[in-house]
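Below is one structure, written out as structure tokens, with a few remarks after it.
The values are calculated or read from the model by the stated rules, or taken from the named source; none is laboratory data. Fair warning: this is a prediction, and the values are worked out from it, not measured in the lab. Methodologically, a virtual Cβ is constructed for each residue, glycine included, from the backbone with ideal geometry; neighbour enumeration extends over all protein chains shown.
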């Protein structure tokens, strides 16, 4: 509907949104290609700022559980174990008191928890710096190790930071650093120590969600540019699937699709913004999921607003968070203006399990569970296969 002056009224926007949601629903039920892949392709080609994204759930919106948008009826509040994490320990990890967090779940996805940015203002700076500067160093392994010499991959931060400071940083090595892994590699002969600060952060988040006794043992960093995607896959490689998978997002926003046990089940789409945390446990632990789209900032090449606040100059004495120099943040911010970083943390073993004598990926690799992350298709031909956490 248009107003008398010819301008479009709110009813017109609601009509467009309803039409877009209807087309998505129709697309998912059409015969032929599986429903998940159809919607993956739809969101991969979606146009930000249009009704294409009208069906995507935004948990960060005020009173998300009461929203009127498509999919809002699925959103439910998720309880938190407030007493399991002291305010002091939360602060040590750079988190708000758990009593101030908002946590949501989705009907039909038991075990899925979404926490919109629970970080204290400025504290994301530390975790971004760790993802780009520290966790990418040796002895942690990455997908480049099979294609470059040890000297070339020894310290990717040092090799990239001068380029990242300039506007012409598209050929930085970080573009190609898709799956660096700080992990025990699921076998004793590939042991690398897990970062103590990330272990502490992960264990506080897990405890707040009711998973006391969670041990952070393995992690993966995925670096996305604006035209990167993460294909449809299931994370199966852990020996113990009863423990949750924790996912942390920093930088530009993305669309996350959470589907069912089979790909013919249409997925639910949701936004992931900087600072958001997702937990997949129980039934949701082995569901198909994917990232079809990283979204450019609608205000141009700039950081999300939550990353514009600097880290406090004074930190708690026993904080696991460290100060971030302006020199380091200049590199980080240059990168994240057109990029996104995601880190997932897992517990690999149950209390009575040991690492196998041979790497799990050699025994359990299944070509049907592979997915691909496409990097900067317009700037390079790099395409790396992802075969779950050991890739």
Would you pick out the residues in the range 32-51 that are closer than 16 Å to residue 254 by Cα and touching a strand residue (DSSP E or B) at 6+ places or on another chain (Cβ under 7 Å)? 39, 40, 43, 44, 46
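Please go through the range 87-101 and give me each residue that is more than 26 Å from residue 242 (Cβ to Cβ) and surrounded by fewer than 22 Cβ atoms within 10 Å (Cβ to Cβ), ordered by number. Let's see the steps before the verdict.
Initial filter on the range 87-101 (more than 26 Å from residue 242 (Cβ to Cβ)): 87-88, 91-92, 94, 96-97, 99-100.
Selection gives 87, 88, 91, 92, 96, 97, 99, 100.
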Report those strands (runs of 3 or more DSSP E) wholly inside the range 224-327 carrying at least 3 residues which are touching a residue at least 60 places away in the same chain (Cβ under 8 Å) and closer than 25 Å to residue 349 by Cα. 245-251, 277-280
Kindly indicate which of 95, 106, 134 is within 15 Å of residue 282 (Cα to Cα) and in contact (Cβ under 8 Å) with a residue 60 or more places away in the chain. 106
Test each condition in (1) surrounded by 14 or more Cβ atoms within 10 Å (Cβ to Cβ); (2) modelled with pLDDT under 90 for residue 353 and report the one that comes out false. (1)
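Name every residue in the range 73-97 that is over 19 Å from residue 197 (Cβ atoms) and touching a helix residue (DSSP H, G or I) at 6+ places or on another chain (Cβ under 7 Å), in order of residue number.
Narrowing the range 73-97 to residues over 19 Å from residue 197 (Cβ atoms): 73-84, 97.
Matches in the range 73-97: 75, 76, 77, 80, 81, 82, 84, 97.
Per-residue answers, yes or no, for (1) in contact with a helix residue (DSSP H, G or I) (Cβ under 8 Å, 6 or more places away or on another chain); (2) surrounded by fewer than 23 Cβ atoms within 10 Å (Cβ to Cβ); (3) modelled with pLDDT of 95 or more:
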{"position": "201", "(1), (2), (3)": "yes, no, yes"}
{"position": "213", "(1), (2), (3)": "no, yes, no"}
{"position": "226", "(1), (2), (3)": "no, yes, no"}
{"position": "233", "(1), (2), (3)": "yes, yes, no"}
{"position": "236", "(1), (2), (3)": "yes, yes, no"}
{"position": "244", "(1), (2), (3)": "yes, no, no"}
{"position": "256", "(1), (2), (3)": "no, no, yes"}
{"position": "266", "(1), (2), (3)": "yes, yes, no"}
{"position": "279", "(1), (2), (3)": "yes, no, yes"}
Tell me which of these residue 334 doesn't satisfy, since it passes every other one: (1) farther than 30 Å from residue 213 by Cβ; (2) modelled with pLDDT of 85 or more; (3) over 19 Å from the mean Cα position of the chain (by Cα); (4) surrounded by fewer than 17 Cβ atoms within 10 Å (Cβ to Cβ). (4)
